[in-house]
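Working notes, structure below.
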Amino acid sequence: MNTSLQGLIAIASAVSAGVLIRWRLHVHRRTLTSHTPPVAQQPSTLVPAPITNRSPRQERRTPLAVRMLYRNSRGEEAWYEGTLLSRKPVDDGQSTVNVRLDGESFVKGFLMDRMQRLQLREENSVIEGAASIRETLIARLPLARTRKPSSKARATPDQPLAPSAPVPNDAAPATAVTPIETVDQLLPHGARGFAVFDLETTGVDTTRARIVEIGIVLLRCDGSLEEEWQSLINPGEPIPNSSIHGIDDDMVQTAPTFDELGPVIAEKLADRVLVAHNLHRFDLPILQRHFQELPGLPLNLGDGIDTMPKPRRKLQQICSEHGIRLHASEAHTALGDTRALAALLQALPGHLKAAQSSVRLLCSLPERTTDRSLQRSDVARSGARPSRHVEPATGGQGWKQTSIELQPGLTFMATGPQSTARDTEIRRAESHGKNLGLTYRKCNTIPKRDRPAFLLSTSLSLNSTKMIQAREKGFPVVLTRDLMRSRQGATVTAHQWQLVDEQP
């Protein structure tokens with residue numbers, strides 16, 4: 001009995017010792033592991049199997065560089081340039097297209113059904129019609145990735161993400177652009193020719209620059225010369241870059257403003273395709289902004305033809321490449337640059353793309369527009385000036401010049417073309433007057449008592465209520481261009497409508 005008990009105790013001791021040894025070994029191994037640096041995982045030599053169930057159409061789903069004609073909710077059409085990145089289905093069966101516009105870092109959404117025309121820049125083809133555009137974009141653009149995809153929508157190697165609409169068997173036929181062999185192939189249907197133009201401005205900021213000279217060369221549909229026209233334009237503010245184009249403040253002192261020349265320019269551009277070097281990034285935005293500041297003269301300038309190639313090159317360089325001579329004396333003159341552009345258009349360089357729309361007037365012009373253009377040859381820089389055109393005398397009446405001393409605290413009122421833009425000629429002049437220490441007083445009419453010292457106006461021919469009252473009451477009028485050149489304490493030229501002696 002004692003022997004059996006001793007045997008059991010011996011067995012129990014052995015088992016306990018074994019368990020204790022195993023536990024110590026386990027702790028020792030964990031300690032070693034915690035102090036041992038991790039071993040770099042060797043890259044797997046297994047290559048994932050290629051996806052064999054992806055269609056050739058899905059392989060071509062890449063971003064598209066396009067020029068897009070888009071119609072907004074108000075029915076207004078405008079051209080955009082950018083890259084179509086992806087599409088995203090929305091409610092009511094519609095789809096939006098994510099677009100990164102040229103020069104912008106963020107992405108905007110455009111409704112697919114409002115796209116009127118697409119010009120594929122890399123493929124030199126055009127797609128028209130909502131149905132063709134939708135079919136092509138569904139076939140060629142990938143679906144946009146959602147931020148929190150559900151497990152049902154996540155694609156797997158064996159089951160690619162299904163498109164929101166069935167993919168057609170064949171790509172939507174894009175209308176290929178016929179190689180351009182003659183100048184008239186650059187024109188859209190209904191255009192009556194080209195309006196090649198160039199601007200000289202007060203700077204390069206398209207949101208603030210003012211036009212100081214414009215040159216226009218009108219060409220017929222076959223490229224032959226029809227008319228040349230140019231004019232200096234008074235910008236209504238000092239010219240800081242005279243050394244570039246040779247136009248100083250004195251040269252534009254008697255020049256008409258854009259308000260006065262706007263109807264004449266619009267008449268020349270109507271139903272023509274605009275052509276300029278760096279059109280889309282410089283000339284077109286500036287010209288469009290000037291027309292938007294004119295009341296009662298709405299127009300659509302179209303898309304035009306930009307002669308700027310890629311990579312970008314100066315006008316003199318590209319003209320030299322096509323055997324066109326641009327004289328140094330004519331460089332940075334509106335008409336000189338325009339003549340070179342007209343010759344470049346007639347040479348048909350291969351990078352030119354056909355225009356899709358011409359200039360359209362959205363109103364009727366006056367039956368008779370007065371051309372008050374002033375050319376460089378009419379004035380000499382910093383020399384004598386011809387007398388400024390004044391309103392034709394009627395019944396022995398006319399504008400008579402006087403002067404006003406700009407003392408601090410002097411009050412003035414203002415009138416100008418109606419515009420919702422923040423940066424206009426009249427508002428810049430108002431701000432300059434305040435900087436001179438003058439006090440701006442907002443009035444709808446000229447008050448009978450406690451009148452301001454003068455009325456600030458963009459033009460003597462403006463037919464606003466306050467300008468009509470100024471003529472009736474002989475109230476002094478100061479033009480914006482004269483105030484912008486004035487300094488505190490100096491005198492500024494003013495105009496009063498008075499009876500004058502009739503000439504025999």
Kindly indicate whether A266 is open to solvent by less than 20 Å² (accessible area, probe 1.4 Å), under 22 Å from the mean Cα position of the chain (by Cα) and in contact (Cβ under 8 Å) with a residue 24 or more places away in the chain. yes
Name the single residue that is most open to solvent (accessible area, probe 1.4 Å) among those in the stretch 355-394 being modelled with pLDDT of 80 or more and more than 26 Å from Q292 (Cβ to Cβ). Q375
For the stretch 306-314, state whether one or more residues are closer than 30 Å to T370 by Cβ and either of a type outside the set (A, V, I, L, M, F, W, C) or touching a residue at least 24 places away in the same chain (Cβ under 8 Å) (or both). no
Exclusive hit being open to solvent by 20 Å² or more (accessible area, probe 1.4 Å), within 21 Å of V183 (Cα to Cα) and assigned to a helix (DSSP H, G or I), set R325, R339, R281: R339
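The values are calculated or read from the model by the stated rules, or taken from the named source; none is laboratory data. Because the structure is a prediction, the values reported are computed rather than measured. With ideal geometry, Cβ positions are generated from the backbone for all residues, glycine too; neighbour counts draw on all protein chains shown. Calculation scope for accessible area: heavy atoms of the full protein, side chains included, ligands and nucleic acids excluded. Shrake-Rupley method; radii C 1.70, N 1.55, O 1.52, S 1.80 Å.
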